[in-house]
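Right, one structure below, let's go through it.
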Amino acid sequence: MSKNKLLESFKLNPSITLKNRIIMAPLTRCFADNDLAPNELTADYYTRRADTGLIITEATIVNKSGQGYPNTPGIFSQKQIAKWKIVTDRVHQNRGKIFCQLWHVGRVSHPSYLDGNLPVAPSAVELTGRVPRTKYEYGTPRALETDEVYAIVDDFKKASLNAIKAGFDGVEIHGANGYLLDQFIHQHTNLRTDEFGGSLEARAKFTLDIVDQIIEAIGADKVGIRLSPGAYVNQENTKGDEDTYAYILEKLNEKKIAYVHTGIFDDSSSFDYLGGTSTSFLRKHFRGNVIASGSYKGTSAADAINDGKFDLIAVGRDIIANPDYVTKITNNEKLTEYNQSMLTELY
Ligand SMILES: Cc1cc2nc3c(=O)[nH]c(=O)nc-3n(C[C@H](O)[C@H](O)[C@H](O)COP(=O)(O)O)c2cc1C
């Protein structure tokens, strides 16, 4: 199969056409300044990758209680908006497109990032383990009050409006990888008895409310969402969670958003409860555009797109290692291999 399938342009919806099917996956890099704003280096880093069909930024927090790692950017202050505008202008000058990934980590945090306060979550369910590359141990979060849940929904909406002010072409809601939306979806982490827990529809409500509010604010064409139906990090599957995902995807079909995106590190992993891979589950239940991600190489992604398994491919580690990824795919050149030491520099 020809790799050129990846290089074809792709009409995401009536208002957005991508120049190829290669998406830069969201990649947390921890290089924001102490006001959690991006800088010139961030602009250079994304501009180098503007020949991808779409850049999805590193996860960007919607409020201060959403932080769980050092120096991750936000999109809730005037300074952050102004600094992101420099990034989006540079990407646009280089004919790129860029979505902002909107994030709240929920319980995957530590008081040291939260002015000494406990992380917040749907319920007080302990997370064990350590914040990567730090000495901090996770712990038991504080359960959100119902009005605080609505306030966070509103913060997501405000963040989407801020993203448009900052010049982004759209936003991706981070519903994946065990963070706050995922914590509401899963029975294991959601023991609530208000309107946000207790039934499948109630566990889906936080995610769907955020989607609805953001659509109302900026329009469905500008909204994507990342989901992890296969629980694989900081999350446990309970029988029945797959039905909540199927329900969410069914509802998303009606909303005509830009895409649904798989959150997983290796998409060859098959899950009994999904009846296959995470992406095959999204494809089965969602009738719009599907972005796959997770250890794909140029050829394996092109073959899968040809077979109709998904529409677009998000590439993470190989794009950290190869800012010129699209050129290399175009010319059939060998890729530089990724290794973790590359994370110490924002090249
Ligand atoms: C250093 C690093 C940071 C990441 N940060 C994010 C993130 O901010 N948001 C997110 O949804 N996924 C994040 N991911 C997951 C990637 O988007 C991607 O799904 C994963 O790396 C698998 O794709 P790959 O095999 O092409 O790297 C991160 C992965 C890595 C390696």
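From T47, T52, T42, T60, grab the single residue that is within 17 Å of K165 (Cβ to Cβ), touching a helix residue (DSSP H, G or I) at 6+ places or on another chain (Cβ under 9 Å) and among the β-branched types (V, I, T).
After applying the criteria, what remains is T60.
Which members of the range 21-51 meet the condition of being away from the ligand (no atom under 16 Å from the Cβ) and within 12 Å of K97 (Cα to Cα)?
The answer is T47, A50, D51.
Could you list, in sequence order, all residues of the range 81-130 that are assigned to a helix (DSSP H, G or I), among the polar types (S, T, N, Q) and farther than 23 Å from A25 by Cα?
Matches in the range 81-130: S112 only.
Given T238, T299, which one is surrounded by fewer than 22 Cβ atoms within 10 Å (Cβ to Cβ), more than 16 Å from the ligand (Cβ to nearest atom) and either under 21 Å from the mean Cα position of the chain (by Cα) or not hydrophobic (A, V, I, L, M, F, W, C) (or both)?
Result: T238 is the single residue among T238, T299 that is surrounded by fewer than 22 Cβ atoms within 10 Å (Cβ to Cβ), more than 16 Å from the ligand (Cβ to nearest atom) and either under 21 Å from the mean Cα position of the chain (by Cα) or not hydrophobic (A, V, I, L, M, F, W, C) (or both).
Out of everything in the range 146-181 that is hydroxyl-bearing (S, T, Y) and farther than 27 Å from G96 by Cβ, what residue ends up being farthest from the chain's Cα centre (by Cα)?
Only one residue tops the list, namely T146.
Does Y245 meet the test of being more than 18 Å from V153 (Cβ to Cβ), among the hydroxyl-bearing types (S, T, Y), modelled with pLDDT under 95 and buried (at least 17 other Cβ atoms within 10 Å of the Cβ)?
No; evaluated as a whole, the condition is false for this residue.
If you take the residues in the range 52-79 that are more than 16 Å from the ligand (Cβ to nearest atom) and polar (S, T, N, Q), which one is nearest to P119 (Cα to Cα)?
Out of the qualifying residues, it is S65.
Inside the range 302-316, can you point out the residues that are small (G, A, S), within 15 Å of the ligand (Cβ to nearest atom) and over 15 Å from V260 (Cβ atoms)?
Residues satisfying the conditions are A302, A304, G316.
Which ones in the range 261-296 are more than 13 Å from the ligand (Cβ to nearest atom), within 23 Å of N20 (Cα to Cα) and either among the acidic types (D, E) or under 19 Å from the mean Cα position of the chain (by Cα) (or both)?
S280, L282, R283, F286, G288, N289, V290 - these are the residues of the range 261-296 that are more than 13 Å from the ligand (Cβ to nearest atom), within 23 Å of N20 (Cα to Cα) and either among the acidic types (D, E) or under 19 Å from the mean Cα position of the chain (by Cα) (or both).
Would you mind finding the one in N289, N253 that is of a type in the set (S, T, N, Q), surrounded by 15 or more Cβ atoms within 10 Å (Cβ to Cβ) and either under 22 Å from D221 (Cα atoms) or at pLDDT below 95 (or both)?
After applying the criteria, what remains is N289.
Looking only at the range 315-347, count every residue that is among the hydroxyl-bearing types (S, T, Y) and more than 22 Å from the chain's Cα centre (by Cα) and tell me the total.
Number of matching residues: 4.
In the range 156-172, what count of residues is obtained for those that are in a helix (DSSP H, G or I) and crowded, with 22+ Cβ neighbours inside 10 Å?
Of the residues in the range 156-172, 5 are in a helix (DSSP H, G or I) and crowded, with 22+ Cβ neighbours inside 10 Å.
Give the residue, chosen from T146, T88, T128, T140, that is more than 14 Å from N234 (Cα to Cα), surrounded by fewer than 16 Cβ atoms within 10 Å (Cβ to Cβ) and not aromatic (F, W, Y).
T146
Looking only at the range 318-347, count every residue that is more than 10 Å from the ligand (Cβ to nearest atom), of a type in the set (D, E, K, R) and surrounded by 15 or more Cβ atoms within 10 Å (Cβ to Cβ) and tell me the total.
Residues meeting the conditions: 2.
For the range 14-26, give me each residue that is of a type outside the set (S, T, Y) and surrounded by fewer than 17 Cβ atoms within 10 Å (Cβ to Cβ).
Selection gives P14 alone.
Of everything in the range 136-172, what is within 16 Å of the ligand (Cβ to nearest atom) and in contact with a helix residue (DSSP H, G or I) (Cβ under 6 Å, 6 or more places away or on another chain)? Give them in sequence order.
Selection gives F156, F168, G170, V171.
Exactly one condition in (1) exposed (fewer than 15 other Cβ atoms within 10 Å of the Cβ); (2) modelled with pLDDT under 95; (3) of a type in the set (S, T, Y) is false for Y232; which is it?
(1) is the only condition that Y232 fails.
Which residue out of F76, F31 is of a type in the set (F, W, Y), over 30 Å from D307 (Cα atoms) and in contact with a Leu (Cβ under 6 Å, 6 or more places away or on another chain)?
Unique residue meeting the criteria: F31.
Would you mention how many residues in the range 173-190 are more than 30 Å from Q340 (Cα to Cα), within 16 Å of the ligand (Cβ to nearest atom) and in a loop (DSSP other than H, G, I, E, B)?
Summing the residues that are more than 30 Å from Q340 (Cα to Cα), within 16 Å of the ligand (Cβ to nearest atom) and in a loop (DSSP other than H, G, I, E, B) in the range 173-190 gives 0.
Out of A32, A50, A43, which single residue is at pLDDT 95 or above, part of a helix (DSSP H, G or I) and buried (at least 17 other Cβ atoms within 10 Å of the Cβ)?
Of A32, A50, A43, the one residue that is at pLDDT 95 or above, part of a helix (DSSP H, G or I) and buried (at least 17 other Cβ atoms within 10 Å of the Cβ) is A43.
The values are calculated or read from the model by the stated rules, or taken from the named source; none is laboratory data. Please read these numbers as outputs of a predicted model, since none were measured by experiment. Positions of Cβ are generated from backbone atoms using ideal geometry, with glycine treated the same way; all protein chains shown enter the neighbour counts.
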